[in-house]
Amino acid sequence: KILIGSISVAYFAVKWTAPSFDPGSLKGARVLVTGASTGIGEQMAYNYAQFGARIVITARRENILQQVAEKCLSLGAQEALYIAADMASESDPDKVVDFALDKLGGLDYLVLNHIGSTPFSMWSGEVDHVSWLMKVNFFSYIQMAWRALPSLEQSKGSLVIVSSVAGKMPSPFTAPYTSTKSALNGFFGSLSHELAMKESNVSVSICTLGLIDTESAMKKVRGITKMPAYPAAEAALNIIITGATRQQELYYPWFTQIITLCKDWFPSATNYVIQNSLNYNP
Ligand code: NDP
């Protein structure tokens, strides 16, 4: 208890000294959000809209993107454009960045958030699925980041990566997904060092999320875990603030960071809790 108390005090001390967020800084900001037809990405689009940003959103389903873009305009976005794309394709990631650069005249924020659909179940040898998921959840992120980097450099912009606690702390039923998130953490953690060493203008924020109440996540975990899920709109706002204040990391909800520390410090106990918190009858 003393240990957890001390960690919590240290955590909040760091939070209080975090740079303060100026909502006005997002007025007219040029933003590209991926995976914005549903879930956290959709909520981020609405938040950016309320701050008066100029947004490009993308996902595969054009009709839904159109509805989200219309709502963004009604919420106050200076501009809201959409482009349908499949991030499993070789060319679509570049096409989306080029569209945003062309329509917005550059980028201030690239928010990489999309994920391909993957089952929440025991690994049973679906190698092709892992390869496909890597393309969608990982390679397309690298491709888009590289394409957008010169513009972000010019605008002193930010690269925001939406990751997961799964990328820091593997848990059962998520082997393919966990691989992609670990890969993101590794790649963008390394890139962040290199940009800092080159005195680049670009900030990199890696956002570690716990369970969030999006429709797709809830459908998967229903009946399997009783872990509480946190609101997508609040997760979205926290991600946006992290990018706007150029912080390197976000943990949402806040105790997610403590859980990852527990895994490092007390691995056997944490593994026991993880395995026994899930409903599974062999
Ligand atoms: P959703 O499943 O709600 O949304 C996924 C988005 O990605 C949709 O807009 C979907 O739109 C798009 N998408 C799916 N496949 C493709 C594809 N092949 N090409 C392009 N776009 C695609 O996800 P969440 O909102 O729940 O998650 C958002 C982010 O948050 C993810 O990075 C996830 O890992 C992270 N996260 C979420 C957690 C949670 O509990 N919800 C927990 C931890 C992290 P469309 O179908 O139209 O293509």
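For LEU81, nonlocal amide neighbours, meaning residues 5 or more places apart or on other chains whose placed amide H falls under 5 Å from its own, are ILE55, VAL56, ILE57. Percent relative contact order of the chain, based on C-alpha pairs within less than 8 angstrom and at least six residues apart? Contact order relative to length: 17 percent. Each label point was placed 7 Å from the Cα along the Cα-to-Cβ direction; for SER131 and SER216 their separation is 2.2 nm. Fully extending the segment from GLU194 to TRP265 would add 22.7 nm, taking 0.36 nm per residue of separation and subtracting the current Cα-Cα distance. With Rh defined as the Kirkwood radius, the inverse of the mean 1/r over Cα pairs, the Rg/Rh of the chain is 0.96.
Here the translational diffusion coefficient of region 129-224 follows from Stokes-Einstein with Rh set to the Kirkwood radius across Cα pairs; for 20 °C and 1.002 mPa s it amounts to 147 µm²/s.
Residue separation of SER20 and LYS95 scaled by 0.36 nm, minus their Cα-Cα distance, works out to 23.5 nm of gained length. For region 80-175, the share of alpha carbon pairs falling in successive 5 Å distance bins from zero is 2, 12, 20, 22, 17, 11, 8, 5, 2, 0 percent.
How high is the FRET efficiency from ASN201 to ASP102, r the C-beta distance, R0 22 Å, rounded to 0.05? Efficiency for this residue pair is about 0.55.
Under the simplified labelling scheme, the ASP86-SER121 pair shows an inter-label distance of 2.2 nm, with each label point 7 Å from Cα along Cα→Cβ.
When the solvent-accessible area of the chain is split by element, carbon and sulfur atoms take up 57 percent of it, the probe being 1.4 Å. Using the average count of surrounding beta-carbon atoms within 10 Å as a protection proxy, the listed peptides 42-55, 103-116, 255-268 rank, highest first, as 42-55, 103-116, 255-268.
As a rough guide to protection, the peptides 231-241, 78-88 ranked by mean Cβ packing within 10 Å, highest first, stand as 231-241, 78-88. The spread of Cα positions in region 206-278, taken along each principal axis and listed from longest to shortest, comes to 38, 31, 13 Å. Here the Debye sum runs over all C-alpha atoms of region 138-282 as equal scatterers in vacuum, and log10 of I(q)/I(0) at q = 0.09 Å⁻¹ comes out as -0.32. Excluding ligands, DNA and RNA, the accessible surface per residue across the chain is 50 Å² with a 1.4 Å probe. Over the chain, DSSP H runs of length four or greater, each weighted -39,500 (n - 2.57), average out per residue to a 222 nm ellipticity of -16000 deg cm²/dmol.
The values are calculated or read from the model by the stated rules, or taken from the named source; none is laboratory data. The structure displayed is predicted, hence computed values, not measured ones. No Cβ is skipped: glycine too gets one built from the backbone with ideal geometry, and neighbour counts run over all protein chains shown. Accessible surface is based on the protein model in full, side chains and every heavy atom, while ligands, DNA and RNA are left aside. Shrake-Rupley method; radii C 1.70, N 1.55, O 1.52, S 1.80 Å.
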